[in-house]
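To start, the structure itself, in structure tokens.
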Amino acid sequence: MEQNFDIEGITGLSEEDAARKLKEEGYNELPSQKKQSLFAILRNISREPMLLLLLGAGIIYLFLGEQSDSLMLLFFVFVVAGITFYQERKTERALEALKNLSSPRALVLRDGKQKRVPGREVVRDDVLILREGDRIPADGIVLFCSNLMVDESLLTGESLAVRKSHWDGKIAHVQPGGDDLPFVYSGTLVVQGHGMAKITSTGIRTQMGKIGRALRGIEQEDTLLRKETRELVRNFAIAGSILCILVVMVFGMRGEWLDGLLAGLSLSMALLPEEFSVVLVIFLSMGAWRISKRRVLTRRIHAVETLGSATALCLDKTGTLTMNRMILSTLFAGGEYYDTDKNGDLPLPEKFHELLEFGYLASQKDPFDPVEKEIKNGTEKFLGNTEHLHRNWELAREYPLSKNLLALSNVWESYDRRRHVIAAKGSPEAVIDLCHLDEMKKDELLTHVKNMADKGLRVLGVAKSIFKDEPLPDMQHDYEFEFIGLLGFIDPVRPGVPEALSECYSAGIRVIMITGDFPGTAQHIARQIGLKYPDMYLTGPELARMSDTELAQKVSTTNIFARIVPEQKLAIINALKSNGEVVAMTGDGVNDAPALKAAHIGIAMGERGTDVARESSSIVLLNDDFSSIVAAVRMGRRIFDNLKKAISYIFSVHVPIAGLAMFPLLFGFPLILLPAHIAFLELIIDPACSVVFEAEPEEKNIMQRPPRDLKKKLFGRKNMLSSLQQGTSVLIAVIIVFLAALSLGRGETEARTLTFTTLVIANIMLIAANLSCEQDIIKTINTENRSLWLVSGGALFSLAAVLYVPFLRDLFHFSVLHIEDIMIVLITGILSVFWLKMISICRKISSG
């Protein structure tokens, strides 16, 4: 839709010039994260160690002429690849769905006509029409404006809109923030007035783009868990590789190279704890899925675990702790206060009617500014059926805010057209100045202003005047104003924040408030939500004078940081990290993006957060519910607990698998476990068991513990010894079964079948034994964890299939088990684990 437009001969760019600039300088957008291609996903899958070992074993079987064994192992290869590919693609689709690619539309002047174009097509030197409610698409200079107010909180963190003035042709570009600047910035919002601006920067060259460039320079850290898991897998892989080479060399010296490679690969598969990586992915994926039910989106899946270890939570006040909207809280008139919150829907006392009436008259009829909206709502609520609403009055003139007078006035023509009624509102000091009050009265009113400001209120003064002459004067000071009273607005605390904060403290997490607001406002909010040590604070100017060492010392004791600019948020995060804190940071604006990315866990508020903030974060709260962070912490701790149990189980079950792979090589017996058997254990029982551990409910005291010590390893010496003890017990049991079967003349195939079946039974017992640190094995088996029964049943069903389905039995080189054989393997498998658990229970009883 186009319409004629002509102000002072400004015609804007021609369509040809705009198209040329768009081609030369590119679209007005920030580069987003690079999408992972299908080829890249397949390349990553092809590097999986277990997949490569299975592939190698399959090729060797092919050379040996064992086509059935080869095809079975190659089938396992496709199973592994398929599962991994599905997980990777699912992650990519989630990230793609997260991005909001819709571009806001902009009203520009092209060839002398107003035209709406997509924001991404705005170019340098475009003339932009600014109106209430418009999102500004690029940086520019203000050519002219009338009462123009812009919300720059996304860039500065300031919850209040700032006033704009027109450019005088001399002032150079400066950072956003503060009143009376002739510059507008990409991503900010026009909340009042109108104007016109000339675009000077687009895309990556805007202030928002500069923050984007800062993000590129911040390297993301791997989570502690990933580092530790990688180290565990690496150590096992090195040990497996060395033993594999030794086995191959021994067989090679006897001229049995292919058999040597097969035995070496079997040993490597037995020693390689591939499940560590599988378990990590499954636990974190399932954790992300579970927490998504609480409207929390996990963008970087490992952040869920890290959040469970967080020791410091940095909160952006505006929009995170508070709702980022102004509520009319307090009225002051005639020397008395009226609290609208406490009195609720009670009728407003008569002495406050005039205050609301003239506050409303000094506002737009259909406002966009949140303060004026609240004035309108309050007036209609309390004065809706009174004579104080003048719907038939006509606006005769507006006096906008200026640098010299921070007050505006509306001149209304009364219904009888015999007089003009003037309503003024603005900063209390400016309105007091308009009223020409004496010093004593002025000091008295300023005392009330201070009292209200100390309660965290934004205070506006309201005055009135009557004018009967014509013409209307040029200045507001030419009217004789009468001071009416004060309006106090508060940015309310989000529901549930005090309770969530209390839970953070009980979980040993330190909470820090970082804001661009004044210290008094921050302290008031801190007291409301129960933040510790609200009397201690540090301001941005004070922080700017500190060295890195001084800041690191200061952040260890300070919980409130006020008047902070974006780059200082990043400095605070880095100082906390240098003190050894695991830092989580919440935020919603562009100004939060560098700190969100630098923190161990960045948490973006999804409802009002920017694309830049979401892309920089690890976790997005889709409903901006602060209590969801506590749920995420709980989930992170549960994941770590259960992951620790799962890894203990994996280590313990690998002891008998590796032992059975090495035993025949050391003592000259026939191979017990072939690659197919190990693949059976790896791809059916072990990954499925990770689901059992993931589904295990949290321990009762999970949110009463302090955060995990960073120096404490996931799998420490104590866990390793306990797992080694369990695994050795099972290994001894299965070797006894194997040797007993051979000594009774059962033969190689029967001995292998009995040994493998005993191992599977013991495997199920190891799962139950490791499920809970606090319960004994009987209570664990009676748990409501359905996954335990499903996995145990699935494992036994699969075992029965390979034992009693002839085709599968031949593939696995097994024989049929009789009733007495089944009884032997059941009793041996259960006792191999149960006796250790019984000893542990006896120790607890004796120590208790």
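The values are calculated or read from the model by the stated rules, or taken from the named source; none is laboratory data. This one's a predicted model, so the numbers in the text were calculated from it and none came from an experiment. Cβ: placed from backbone, ideal geometry, glycine included. Neighbour counts: every protein chain shown. Surface accessibility is based on the protein's heavy atoms, side chains included, excluding ligands, DNA and RNA. Shrake-Rupley method; radii C 1.70, N 1.55, O 1.52, S 1.80 Å.
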task: Residue by residue through the stretch 495-509, note down the ones that are out of contact with any Gly (no Cβ under 7 Å at 6 or more places or on another chain) and surrounded by fewer than 19 Cβ atoms within 10 Å (Cβ to Cβ).
output: 495, 496, 499, 503, 505, 506, 508
- request: Could you tell me which numbered condition residue 675 fails, if it satisfies all but one of (1) modelled with pLDDT under 80; (2) open to solvent by 10 Å² or more (accessible area, probe 1.4 Å)?
  value: (2)
statement: Note on the stretch 534-560: residues part of a helix (DSSP H, G or I) and either buried (at least 17 other Cβ atoms within 10 Å of the Cβ) or of a type outside the set (Val, Ile, Thr) (or both) are 540, 541, 542, 543, 544, 548, 550, 551, 552, 553, 554, 555
task: Please verify whether the stretch 386-398 includes one or more residues that are among the basic types (Lys, Arg) and either within 15 Å of residue 465 (Cβ to Cβ) or touching a Lys or Arg at 6+ places or on another chain (Cβ under 8 Å) (or both).
output: yes
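Residue-by-condition table, conditions (1) within 26 Å of residue 309 (Cβ to Cβ); (2) open to solvent by 60 Å² or more (accessible area, probe 1.4 Å):
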position: 706; (1), (2): yes, yes
position: 712; (1), (2): yes, yes
position: 716; (1), (2): yes, no
position: 722; (1), (2): yes, no
position: 740; (1), (2): no, no
position: 752; (1), (2): no, no
query: Within the stretch 470-510, how many residues are touching a helix residue (DSSP H, G or I) at 6+ places or on another chain (Cβ under 6 Å) and acidic (Asp, Glu)?
result: 1
message: Are there helices (runs of 4 or more DSSP H) fully within the stretch 318-430 with at least 2 residues that are modelled with pLDDT of 80 or more and either within 29 Å of residue 145 (Cα to Cα) or open to solvent by less than 30 Å² (accessible area, probe 1.4 Å) (or both)? List them.
response: 353-361, 370-383
- line: Within the stretch 821-839, residues modelled with pLDDT under 90 and either under 17 Å from residue 679 (Cα atoms) or loosely packed, with under 14 Cβ neighbours inside 10 Å (or both) come out as 835, 838, 839
- prompt: Restricting to the stretch 757-786, what's the tally of residues that are part of a helix (DSSP H, G or I), buried (at least 19 other Cβ atoms within 10 Å of the Cβ) and at pLDDT 65 or above?
  reply: 14
- request: Can you tell me which residue within the stretch 447-484, out of those that are of a type in the set (Asp, Glu) and not in a loop (DSSP other than H, G, I, E, B), is surrounded by the fewest Cβ atoms within 10 Å (Cβ to Cβ)?
  value: 478
field: Scope the stretch 510-519; condition open to solvent by less than 30 Å² (accessible area, probe 1.4 Å) and not acidic (Asp, Glu); matching residues
entry: 511, 512, 513, 514, 515, 516, 519
task: Would you mention how many residues in the stretch 787-807 are more than 15 Å from residue 681 (Cα to Cα) and open to solvent by 40 Å² or more (accessible area, probe 1.4 Å)?
output: 6
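Residue by residue, here is whether (1) at pLDDT below 85; (2) open to solvent by 40 Å² or more (accessible area, probe 1.4 Å); (3) assigned to a helix (DSSP H, G or I) holds:
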| residue | (1), (2), (3) |
| --- | --- |
| 94 | yes, yes, yes |
| 106 | yes, no, no |
| 120 | yes, yes, yes |
| 132 | yes, yes, no |
| 154 | yes, no, yes |
| 158 | yes, yes, no |
| 179 | yes, yes, no |
query: Which members of the stretch 134-152 meet the condition of being more than 29 Å from residue 16 (Cα to Cα) and assigned to a loop (DSSP other than H, G, I, E, B)?
result: 152
query: Restricting the stretch 134-146 to residues that are open to solvent by 20 Å² or more (accessible area, probe 1.4 Å) and not charged (D, E, K, R), which is nearest to residue 25 (Cα to Cα)?
result: 143
message: Every residue in the stretch 128-147 that is touching a Ser or Thr at 6+ places or on another chain (Cβ under 8 Å) and farther than 19 Å from residue 172 by Cα, please.
response: 135, 136, 137
